[in-house]
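S.K.: For reference, the structure I am asking about is given below.
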Amino acid sequence: MMIAAFEGWNDAGSAASSAIAVLAEAWRAREVRALDPEPYHDFQVNRPVQGRDSEGNRTLDWPDTTVSIALSPTLGRSVVLAQGTEPSMRWRSYCNELLDAAEELRVGTLVTVGALLADAPHTRPIPVQTSSDDPQVQALLGVEGSDYEGPTGIVGVLGHLAAERGMHTLSVWAAVPHYVAQPPSPKATLALLSALEEVLGEPVPTGDLAEDAEAWQRGVDELAAEDPEIAEYVRQLEDAKDTADLPEASGEAIAREFERYLRRRGGESGRAHARRPPRHPTAGRPASSGR
């Protein structure tokens, strides 16, 4: 499986790119390829950035795209992570180069991750939609196809070309409150990681995101409290959201949440067991995974 996210138009609040960065760091992803940015970027739009490394030497960072491999700690499954900045030109060539790399790594499923600005209240759970036009993915995950028609970003093009190559494809999108669109948006990043947990079928790392999301919400609460018009607007969004979400308080939704809880408990139990000293000389020998 390849999970891909790109900074830019598809990345409101930097929520999508941050989600991939969290996975890459927590799962110690190893970079295996980088796309040359020269053919794809207008450097007056996405300029290189000067800085210094840990030894004080001056560096120059380009808006490149990296492909990394990580090993999921619970199932021991290889996951390919693609991170980059939405290119300025030659999108088909860019996507084909990225998909060539995916095929070389025997990727069969592409998951694109994005975030958009929406009329969503910051005080409620961030809406996340997982969709796929692939009948097999729909049957496996119980998701529906997207009914969106209109301008698309690089994730839309990448998913379309991947499907033409015979890959299974799905997309995960978070709706970021438009009145607090500036990054970071930890609450949206956390929501995306929770959705990816459903796709992967195992716990995903969140680090300090829960605490960051709470701090972020408190900060927005304070800003809204200082402006009566914004406070009233947020209340209107809350009423609309609560009315729309009434059907979600169903047995199916509760079951999904309980399954997520069990997966997390199972992952914690497995990690705790791994920390225990072996009680038998053969206890430390690797066992067959059964895969």
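S.K.: Mind telling me which of the residues S132, S93 ends up being closer than 26 Å to I69 by Cα, polar (S, T, N, Q), buried (at least 16 other Cβ atoms within 10 Å of the Cβ) and modelled with pLDDT of 95 or more?
M.R.: Sole residue among the options that is closer than 26 Å to I69 by Cα, polar (S, T, N, Q), buried (at least 16 other Cβ atoms within 10 Å of the Cβ) and modelled with pLDDT of 95 or more: S132.
S.K.: Picking from A174, A139, A213, which residue would you name as being at pLDDT 90 or above and under 17 Å from E7 (Cα atoms)?
M.R.: Testing whether each residue is at pLDDT 90 or above and under 17 Å from E7 (Cα atoms) leaves just A174.
S.K.: Here's a follow-up. Taking the stated definitions as given, is A70 touching a helix residue (DSSP H, G or I) at 6+ places or on another chain (Cβ under 9 Å), closer than 30 Å to A120 by Cα and not in a loop (DSSP other than H, G, I, E, B)?
M.R.: Against the criterion (touching a helix residue (DSSP H, G or I) at 6+ places or on another chain (Cβ under 9 Å), closer than 30 Å to A120 by Cα and not in a loop (DSSP other than H, G, I, E, B)), A70 does not qualify.
S.K.: OK, next. Need a quick list: helices (runs of 4 or more DSSP H) entirely within segment 157-252 having at least 2 residues that are of a type in the set (S, T, N, Q), within 30 Å of A70 (Cα to Cα) and touching a strand residue (DSSP E or B) at 6+ places or on another chain (Cβ under 9 Å).
M.R.: 186-200
S.K.: Mind checking which pairs have a first residue in segment 47-67 that is at positive phi and a second that is modelled with pLDDT under 95 and among the hydroxyl-bearing types (S, T, Y), Cβ under 7 Å, 6 or more apart or different chains?
M.R.: none
S.K.: Just to be sure, is T189 touching a residue at least 60 places away in the same chain (Cβ under 8 Å) and closer than 17 Å to D11 by Cβ?
M.R.: Against the criterion (touching a residue at least 60 places away in the same chain (Cβ under 8 Å) and closer than 17 Å to D11 by Cβ), T189 qualifies.
S.K.: Evaluate the following for A120: is it out of contact with any Pro (no Cβ under 8 Å at 6 or more places or on another chain) and either in contact (Cβ under 8 Å) with a residue 12 or more places away in the chain or over 15 Å from A15 (Cα atoms) (or both)?
M.R.: no
S.K.: Given (1) closer than 14 Å to G84 by Cβ; (2) in contact (Cβ under 8 Å) with a residue 40 or more places away in the chain; (3) not β-branched (V, I, T), identify the lone condition not met by E38.
M.R.: (2)
S.K.: Ok, one more. Hey, could you check segment 177-193 for residues that are of a type in the set (S, T, N, Q) and at pLDDT 95 or above and say which is farthest from V155 (Cα to Cα)?
M.R.: Step by step, filter segment 177-193, then rank; the result is S185.
S.K.: Looking only at segment 1-45, which residues are over 13 Å from the mean Cα position of the chain (by Cα) and part of a strand (DSSP E or B)?
M.R.: Correct list: R30, E31, V32, R33, A34, L35.
S.K.: Would you pick out the residues in segment 130-154 that are over 21 Å from V79 (Cα atoms) and assigned to a strand (DSSP E or B)?
M.R.: Answer for segment 130-154, where residues must be over 21 Å from V79 (Cα atoms) and assigned to a strand (DSSP E or B): just E144.
S.K.: Consider M167 against the criteria (1) in contact (Cβ under 8 Å) with a residue 60 or more places away in the chain; (2) touching a helix residue (DSSP H, G or I) at 6+ places or on another chain (Cβ under 7 Å); (3) not acidic (D, E): it satisfies all of them except one. Which criterion is unmet?
M.R.: (2)
S.K.: Could you pull out the residue among R47, R30 that is out of contact with any helix residue (DSSP H, G or I) (no Cβ under 8 Å at 6 or more places or on another chain), modelled with pLDDT under 95 and either of a type outside the set (S, T, N, Q) or surrounded by 14 or more Cβ atoms within 10 Å (Cβ to Cβ) (or both)?
M.R.: Result: R47 is the single residue among R47, R30 that is out of contact with any helix residue (DSSP H, G or I) (no Cβ under 8 Å at 6 or more places or on another chain), modelled with pLDDT under 95 and either of a type outside the set (S, T, N, Q) or surrounded by 14 or more Cβ atoms within 10 Å (Cβ to Cβ) (or both).
S.K.: A follow-up question, please. Scan segment 50-69 for residues that are modelled with pLDDT under 95 and under 22 Å from A5 (Cβ atoms) and report the count.
M.R.: 4
S.K.: Moving on to the next point. Please verify whether G114 is under 14 Å from D11 (Cβ atoms) and surrounded by fewer than 20 Cβ atoms within 10 Å (Cβ to Cβ), treating the condition exactly as stated.
M.R.: no
The values are calculated or read from the model by the stated rules, or taken from the named source; none is laboratory data. Only a predicted model underlies this, so the values are computations on that prediction, with no experimental measurement involved. All Cβ positions, even for glycine, are placed from backbone atoms using ideal geometry, and neighbour counts span all protein chains on display.
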